[in-house]
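Report on the structure given below.
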Amino acid sequence: MKRRQFIKNASLTGVGIAVGSSITACNDGTDGKPIKKDDVKPMAIDTSKFPIAVCTWAFSKANETAGNALNSGKKALDAAIEGVAIEEENLKNTTVGKGGAPDREGNVTLDACVMDSNGDCGAVVYVNTITNVAALAKKVMENTPHVMLAGEGAEAFGYSQGFEKENLLTEESRLAWEEWKKSPEYKPIINIENHDTIGMLCLDKDGDIAGACTTSGLSYKMKGRIGDSPIIGSGLFIDNEVGGAVATGMGEEVLKTVGSFLIVELMRNGMSPQSACEEAIRRIVSKNDRYKDFQIAYVAMNKAGEIGSYCIHKGFTIMKYQNGTNKNVKVDFYNKA
Ligand code: SD4
């Protein structure tokens, strides 16, 4: 049997994921610390549990769309892109895609990345005229020699690939921005509006994992600001031998710790997805007294389809689709004070 058919993970027995209720600390005995090599046991993968789709926040329709696509036999990346497109096109969602809140000068700028099971990836940043930026990131991956395109270059490439030019600033978002300008203060509010990026991980019927992450970034950000979401390793990372991770929340803090890459590497070294997410949050809060003022949440899935998630503050939830059922799951959090 090939090495890929196994994942080295000590947490197979005694995993503490409570589907449908809440995800709490995983009972794998690591206490958030990397386990020793000798403790790492091989884990066989049971493909009858696949496919699985998981995403940040309560984006039910998006996750169900991805789950159904996986069930119909689509590959992980195509399903993830189909899923997140629901939110990119949702005009009521002011944190992803068209209708997203603008920067402080009134420009809606979108960031996205995708990563495939073969390790390929694509990203776009500062896109002002195209709604489906995750799909655009996939085109960058497939049809250019590059990983990332920015701004006008990304848009021009998008038109050449058949994407439509659109005005992303809806009347509702424009009015909210006009209101904000009356007393402009840049103060992201925990769990509200500023933290609703959709990051999605899909595990398809073949057991391959891929993901997508797409956002309009922080509301009323400085012109030109880019967050973690389109940065491979920060907003999203996939290693098809191990699993994947996605992030949402205050991008600056995720960037400083390369959060999604960190989680995948911790899983490679034997941590469960749950312990890996907890350790990634611990790295942030242990260095940063200001954590009380911002939210960060991670979601991870390993090759066996085990899911973990952890965040700084109460209020974060994820969607999980498995066996045709799409559930909202509460996530445990660090700040119990
Ligand atoms: C960013 N991580 O641009 C994103 C913000 C986010 O919903 O999660 N927004 O920093």
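The values are calculated or read from the model by the stated rules, or taken from the named source; none is laboratory data. Every value quoted in this text rests on a predicted model; they were computed, and no experiment measured them. Reconstructed Cβ throughout: ideal geometry from the backbone, glycine too, with neighbour counts over all protein chains shown. To get the accessible areas, we keep the full protein, side chains included, count just its heavy atoms, and leave off ligands, DNA and RNA. Shrake-Rupley method; radii C 1.70, N 1.55, O 1.52, S 1.80 Å.
Just a few scattered comments:
- Qualifying residue in the range 197-204 (condition: surrounded by fewer than 24 Cβ atoms within 10 Å (Cβ to Cβ), in a loop (DSSP other than H, G, I, E, B), more than 8 Å from the ligand (Cβ to nearest atom) and modelled with pLDDT of 95 or more): no
Yes/no per residue for (1) touching a Phe, Trp or Tyr at 6+ places or on another chain (Cβ under 6 Å); (2) within 16 Å of the ligand (Cβ to nearest atom); (3) farther than 18 Å from Gly305 by Cα:
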position: Val242; (1), (2), (3): no, no, no
position: Gly249; (1), (2), (3): no, yes, yes
position: Glu253; (1), (2), (3): no, yes, yes
position: Lys256; (1), (2), (3): no, yes, yes
position: Leu262; (1), (2), (3): no, yes, yes
position: Glu265; (1), (2), (3): no, no, no
position: Gly270; (1), (2), (3): no, no, no
position: Ser275; (1), (2), (3): no, no, no
position: Arg282; (1), (2), (3): no, no, yes
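- Failed condition for Ile238, given (1) more than 15 Å from the ligand (Cβ to nearest atom); (2) of a type in the set (Val, Ile, Thr); (3) over 28 Å from Lys61 (Cβ atoms): (3)
- Every residue from the range 270-323 that is basic (Lys, Arg) and within 20 Å of Ala210 (Cβ to Cβ): Lys303, Lys320
- Of all residues in the range 295-337, those being open to solvent by less than 30 Å² (accessible area, probe 1.4 Å), of a type outside the set (A, V, I, L, M) and more than 15 Å from Ala280 (Cα to Cα) number 8.
- Single residue of the range 78-121 satisfying the filter (more than 14 Å from the ligand (Cβ to nearest atom) and among the β-branched types (Val, Ile, Thr)) that is farthest from the chain's Cα centre (by Cα): Ile86
- For the range 48-82, the set of residues classified as at pLDDT 95 or above, open to solvent by 10 Å² or more (accessible area, probe 1.4 Å) and part of a helix (DSSP H, G or I) consists of Ser60, Lys61, Glu64, Thr65, Asn68, Asn71, Asp78, Ile81, Glu82, listed by residue number.
- Scan the range 220-275 for residues that are free of Cβ contacts under 8 Å to residues at least 60 places away in the same chain and basic (Lys, Arg) and the total you get is 1.
- Across the range 280-303, a minimum of one residue is classified as touching a helix residue (DSSP H, G or I) at 6+ places or on another chain (Cβ under 8 Å), in a helix (DSSP H, G or I) and closer than 26 Å to Gly122 by Cα.
- Positions within the range 83-102 being outside any loop (DSSP other than H, G, I, E, B) and open to solvent by less than 10 Å² (accessible area, probe 1.4 Å), in sequence order: Gly83, Val84, Glu88
- Matching residues in the range 311-325 - criterion: being within 19 Å of Asn63 (Cα to Cα) and touching a strand residue (DSSP E or B) at 6+ places or on another chain (Cβ under 6 Å): Phe316, Thr317, Ile318, Met319, Lys320, Tyr321, Gln322
- Checked against (1) closer than 15 Å to Leu262 by Cβ; (2) touching a strand residue (DSSP E or B) at 6+ places or on another chain (Cβ under 9 Å); (3) not charged (D, E, K, R), Ser286 passes all but a single condition, namely (2).
- Any hit, the range 170-191, residues being under 17 Å from the mean Cα position of the chain (by Cα) and either away from the ligand (no atom under 15 Å from the Cβ) or open to solvent by 20 Å² or more (accessible area, probe 1.4 Å) (or both): yes
- Hey, Gly224 modelled with pLDDT under 95 and open to solvent by 10 Å² or more (accessible area, probe 1.4 Å) or not: no
- Scanning the range 103-120 for residues that are open to solvent by 40 Å² or more (accessible area, probe 1.4 Å) and closer than 23 Å to Glu185 by Cα yields a total of 3.
- Residues that are hydroxyl-bearing (Ser, Thr, Tyr) and either open to solvent by less than 10 Å² (accessible area, probe 1.4 Å) or within 10 Å of the ligand (Cβ to nearest atom) (or both) within the range 205-221 comprise Thr214, Thr215, Ser216, Ser219, listed in sequence order.
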